[in-house]
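S.K.: The structure that follows is given in the form of structure tokens.
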Amino acid sequence: MKKFLREFKDFAMRGNVMDLAVGVIVGGAFSSITTSLINDILMPVIGIFVSQASFADLSFTIGEAVITYGNFIQAVLNFVIMAFVVFCLVKTVNRIAKKKEDAPPPSPPAPSNEEKLLMEIRDLLKNRQ
């Protein structure tokens, strides 16, 4: 489990352009799924512990300004979940690619009859000299 979390941390902190591209594409595709997961499943459970159904309602006022820090918490939670999903996707793709790289190369085909004959002729010519 520690290795998995360390790999996730390394992935999230790495500045690789390909990982960024994958994150943007998958993030856009799974945006509505993630939003629904957070708003409809996770937030009600978390709400039991913080007495709020949504972090978006969390705020405080300084003078005339209303600071809605709950929206920020919600955005961070969305990011962490999305980064985790992308990490799992890339980890799976990398594992599949590594298995293909680790597979032994196919054995060369057996020589044809013509090739065998040519090798015999070659060997006979070598022995004559």
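The values are calculated or read from the model by the stated rules, or taken from the named source; none is laboratory data. Since the model is a prediction, treat every value here as computed from it, not as a measurement. Cβ sites come from the backbone with ideal geometry, for glycine too, and all protein chains shown count toward neighbours. Side chains are part of the model used for accessible areas, which takes the heavy atoms of the whole protein and leaves out ligands, DNA and RNA. Shrake-Rupley method; radii C 1.70, N 1.55, O 1.52, S 1.80 Å.
S.K.: For helix 113-128, what angle does its Cα long axis make with the longest principal axis of the chain, in degrees from 0 to 90 and rounded to 10?
M.R.: 50
S.K.: With all distinct Cα pairs included, what does the Kirkwood hydrodynamic radius of segment 83-122 come out to in Å, to one decimal, could you say?
M.R.: Every distinct Cα pair counted, the radius reaches 13.8 Å.
S.K.: Now for a different question. With a 10 Å cut-off between alpha carbons and a GNM built on the chain, which of Lys99, Lys116, Lys91 moves the most?
M.R.: Highest fluctuation of the listed residues: Lys116.
S.K.: Follow-up question, since we're still on this one. Roughly how tilted is helix 69-102, in degrees to the nearest 10 and between 0 and 90, from the longest Cα axis of the chain?
M.R.: 10
S.K.: Also, quick follow-up: Where does helix 17-29 land angle-wise versus the long Cα axis of the chain, in degrees 0 to 90, nearest 10?
M.R.: Helix 17-29 sits roughly 60 degrees off the main axis of the chain.
S.K.: Straight-line reach from Lys2: which aspartates and glutamates have Cα under 13 Å away, leaving out those fewer than 8 places along the same chain?
M.R.: Asp10
S.K.: I would also like to ask the following. Which of Met43, Met119, Met82 moves most in a GNM of the chain, Cα contacts under 10 Å?
M.R.: Among Met43, Met119, Met82, the largest GNM mean-square fluctuation belongs to Met119.
S.K.: Give the residue from Leu125, Ile25, Val86 lying farthest towards the positive end of the charge dipole for the chain; charges sit on Cβ (+1 for Lys and Arg, -1 for Asp and Glu) and the dipole is referred to the Cα centre.
M.R.: Going by the charge dipole, the pick is Leu125.
S.K.: For Ser112, what accessible area in Å² do you get when you roll a 1.4 Å probe over the heavy atoms of the protein chains, rounding to the nearest 10?
M.R.: Only protein atoms counted, so the area is about 50 Å².
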